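Just so it is clear, none of the values below were taken in a lab; they were calculated from the coordinates. Here the structure is a predicted model, which is why all the values come from computation and not from measurement.
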Amino acid sequence: MSNIENLWLEFFFDILIFCLLIFIELRLIIFVVDLDLLERKIREHLAQEKDLGESVGGSGHLGYQSISKFKMQTPEIIKHKNMECYEVMVRYSIHTESEFSYATEDEEEVFDYHTSTNEQKYILDKNLNIIHSESIK
């Protein structure tokens, strides 16, 4: 190959790489996600699904469930049913307290409440609507 052919070949590959980088960057710009809004949507879903807040058991005893140690991984862009979506893994703990969790005036010992650690996978569309969720643990 001559020097001119080599220069054209190098030029062609440089342009190809440049176009590829622009495509990747544009795709990332299109899929910039508001992480605060994403977390709020997932927390709202969990609050409904796990029935968080104050509740009364079958025996009439009061209880309260809350969420803590919420950690959300960085969303990944995936294909789901021919749509580009976000896949997010979330870890959290659910605390269940009851009126029996606390010592009375006569008791010295304070009882600990029940805690369960969970991991869940979410798939959301571009508008952050939850399409699918499944428990991993």
- request: Enumerate the calculated ³J(HN,Hα) couplings along the range 68-80 in order (Karplus 6.51 cos²θ - 1.76 cosθ + 1.60, θ = phi - 60°), each rounded to whole Hz, writing x wherever the residue is Gly or Pro.
  value: 8, 6, 6, 10, 10, 6, 5, x, 10, 8, 10, 9, 9
- prompt: Tell me, what ³J(HN,Hα) does each residue in the range 83-98 have, in order and in whole Hz, if you take phi through Karplus 6.51 cos²θ - 1.76 cosθ + 1.60 with θ = phi - 60° and put x for Gly and Pro?
  reply: 10, 7, 9, 9, 10, 10, 9, 10, 10, 7, 10, 10, 9, 10, 10, 9
message: Per residue of the range 123-131, what does 6.51 cos²θ - 1.76 cosθ + 1.60 with θ = phi - 60° give for ³J(HN,Hα)? Whole Hz please, x for Gly and Pro, Karplus curve as stated.
response: 10, 10, 7, 5, 8, 6, 8, 6, 8
